[in-house]
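A short worksheet on the structure shown next.
Any read-out appearing in this document is the output of simple, stated calculations on the displayed coordinates, not a laboratory observation. Just so we're clear, the structure is a prediction, and the values are computed from it rather than from any experiment. Heads up, the Cβs are rebuilt from the backbone with ideal geometry, glycines too, and the neighbour counts pull from every protein chain shown.
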Amino acid sequence: MSTPQTAVCPQCGGTGWKEITAEGARRVTRCECVVGSRARRLLERARIPARYEHCEFDSFMPDYAGTNPSLDRALLEARKFVEEYPMENNGLLFIGPIGVGKTHLAVSILKELIAGKGVACLFYDYRELLKQIQNSYNPSEPTTEMQVLRPVFEAEVLVLDELGAVKPTEWVWDTVSHILNTRYNDKRTTIITTNYPDQAAGETVRRSYSQSEAARAAARDESLGDRIGERMRSRLHEMCRTVEMRGEDFRQKVKKQSMRDF
């Protein structure tokens, strides 16, 4: 009985390298079959939630294109970041109310870096990360704190989604400081999203939020510094460029439109 043969790439003959001609000289470069295989592995390891697997630059807020300057600027900043990486390795801090597409852009950046540049990326929801760290303290858990944190520390590009979403305690502040300081000292790139304003939520800031979110902000009057500590808020400004996004909650808008169409 014959053994099935594995298909061999016609461009490189299975070597992983292919010949090209550049400026009249023959050279070799990595074949697309190797690049594509690596990209698939990196994408699997990036931990992008199924909810956001569809996110692409081209599908970002199509109903708002050209009508919301802050979202147009945010998309431009995200595309520029990908184009210039790794020459530009300062991270991005996306700030804005719920539903304006902060996570969409962050995931789009990861996918472009993986597919186009073979960058090892990692996505973590802030709440889930803290929960996993806390669970590691349970003696019955097989995973240690360092096993949870090592990939977070070592990822070339990390997305930390919903920063500040956990009620602040001394342990939360210490943990956030440990993560951000380690990545800062190791010159790792971090992309962050947060619903909390960079400063105390005054009237000007609240007007950029939806009505329901503005009411909550008014009630708590909390800023990003309140949630992660002012020292870490200051550190973020050394690590990231701030991108402010304003607009209506897109998910609520779609929900209302669906109810009207029903």
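A few remarks follow.
- Segment 121-177: relative contact order in percent, alpha carbon pairs under 8 Å with at least 6 residues between: 49 percent
- Kirkwood-Stokes translational diffusion coefficient of segment 30-248, alpha-carbon pairs, 25 °C, 0.890 mPa s, µm²/s: 136 µm²/s
- Burial ordering of S234, S140, S177, fewest other beta-carbon atoms within 10 Å first: S140, S234, S177
- Shown for segment 30-248: lysine pairs separated by 8 or more places, or found on different chains, whose C-alpha atoms are under 18 Å apart, numbering 5.
- The charge dipole of segment 69-188, taken about its Cα centre with unit charges on the Cβ of Lys, Arg, Asp and Glu (plus for the first two, minus for the last two), comes to roughly 160 debye.
- Summarising the overall dimensions of segment 54-145 from its C-alpha atoms, the Rg and Dmax are 16.4, 54 angstrom.
- Taking amide H as placed 1.01 Å from N in the peptide plane, the amide H of V159 sits under 5 Å from that of L122, F123, Y124, I191, each at least 5 places away or on another chain.
- Mean separation of Cα contacts under 8 Å (6+ apart) over length of segment 55-163, as relative contact order %: 27 percent
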